[in-house]
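Quick notes on the structure that follows.
Throughout, read-outs are computed from the coordinates displayed, never taken from laboratory work. Please read all numbers here as calculations on a predicted model, not as lab measurements. All Cβ positions, even for glycine, are placed from backbone atoms using ideal geometry, and neighbour counts span all protein chains on display.
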Amino acid sequence: MKQNILIFTSIFLSLALSCLTACDNEGNPTLECTPMHVSISDPLDAGDPYDVTDIAIWGDCLILTAHFSGGCAEHSLELHSQGAVIESYPVQANVMLFHHDPDDPCDAFMDQTAAFDLTSLQVPGDSITILNLLFNDTSIEYHY
């Protein structure tokens, strides 16, 4: 069972990275990440319903896949942060995935993979920030 999960995760990450990556002038892969949305609004506001099925960090990007119902309209995903880190060792940052469903009347099961730039959460003099993923009550280490 663990081996099947590992194989699935490897395949998922390979597909996600191939969809989200480009190459620089020297042929090295690069990843295009959406900037994080800094908000002073309610950090627990997740928008419309979704489930996160996969989470990974690649370089300075948080890559995740959200599962939701839809299929007739374009949905958007944003990563929200209040912009400040929690002073601890290592430092921590609370982030929330926000899903916008533009009143999509369809009920097909949809998956959307997105990559978000984490560089705004880097703290000079530190090399790690713990991301508290409020959308699934877990944490992940971001090394930089």
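When M110, M36 are ordered from fewest to most other Cβ atoms inside 10 Å of their Cβ, what list results? Let's see the in-between values first.
On the way: M110 16, M36 20.
Taking fewest neighbouring Cβ atoms as first place, the list is M110, M36.
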(request) Compute the distance in nm between two label points, each set 7 Å from the Cα along the Cα-to-Cβ direction, one at I140 and one at W58. (result) 1.2
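Rounded if a/c is under 1.5, else prolate if a/b beats b/c, else oblate: with a ≥ b ≥ c from the C-alpha gyration tensor eigenvalues square-rooted, which is the stretch 34-143?
On the way: a/c = 2.45, a/b = 2.01, b/c = 1.22.
Prolate, because a/c is 1.5 or more and a/b exceeds b/c.
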(message) Give me, ordered by chain and number, the residues 5 or more places off M36 or on other chains with an amide H under 5 Å from its own placed amide H.
(response) D117
